[in-house]
1. Among the residues of the range 63-76, write down those that are assigned to a strand (DSSP E or B), closer than 11 Å to Cys44 by Cβ and of a type outside the set (Ser, Thr, Tyr).
2. What single numbered condition from (1) modelled with pLDDT under 95; (2) touching a strand residue (DSSP E or B) at 6+ places or on another chain (Cβ under 6 Å) fails to hold for Arg7?
3. Under 8 Å between Cβ atoms, which residue pairs at least 6 apart in sequence (or on different chains) link something in the range 60-76 that is touching a residue at least 24 places away in the same chain (Cβ under 8 Å) with a partner that is surrounded by fewer than 11 Cβ atoms within 10 Å (Cβ to Cβ)?
Amino acid sequence: MRRGLTRPFLQQISFIWLVDVPADFFGGDFKDFFNAVAKEGAICMGLLRPKMTMGAPKSFVHTAPPAAVKVVGGDQAYILGPPTCSFITSHTH
């Protein structure tokens, strides 16, 4: 343990999660999903897009997408946040 740090400072409270984007956000702007996640005390770092999204032959990670990017069915999101975030469910990766 580093000098001057006590145990509470070493506890990790946020983790990276891969979550399914709820269907309520399909067809909407990424910014709306991002803001909803932020209200839960977490950050959406990017989307795992399904194959054929934007013409891509394979699935891909879209890191920090622009606000106006449309969320599509099958999108998953990389979220940095605490386990208490409502977007993190029992079947989250």
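The values are calculated or read from the model by the stated rules, or taken from the named source; none is laboratory data. The model shown is predicted, which means the values in this text are computed figures rather than measured ones. Positions of Cβ are generated from backbone atoms using ideal geometry, with glycine treated the same way; all protein chains shown enter the neighbour counts.
1. Scanning the range 63-76 gives a single hit, Gln76.
2. (2)
3. Matching pairs, first to second residue: Lys70/Gly27; Val71/Gly27; Val72/Gly27; Gly73/Ala23.
Yes or no, residue by residue, for (1) surrounded by 15 or more Cβ atoms within 10 Å (Cβ to Cβ); (2) on the phi > 0 side of the Ramachandran plot; (3) in a helix (DSSP H, G or I):
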site: Trp17; (1), (2), (3): yes, no, no
site: Asp24; (1), (2), (3): no, no, yes
site: Val37; (1), (2), (3): yes, no, yes
site: Cys44; (1), (2), (3): yes, no, no
site: Leu47; (1), (2), (3): yes, no, no
site: Met54; (1), (2), (3): no, yes, yes
site: Pro57; (1), (2), (3): no, no, no
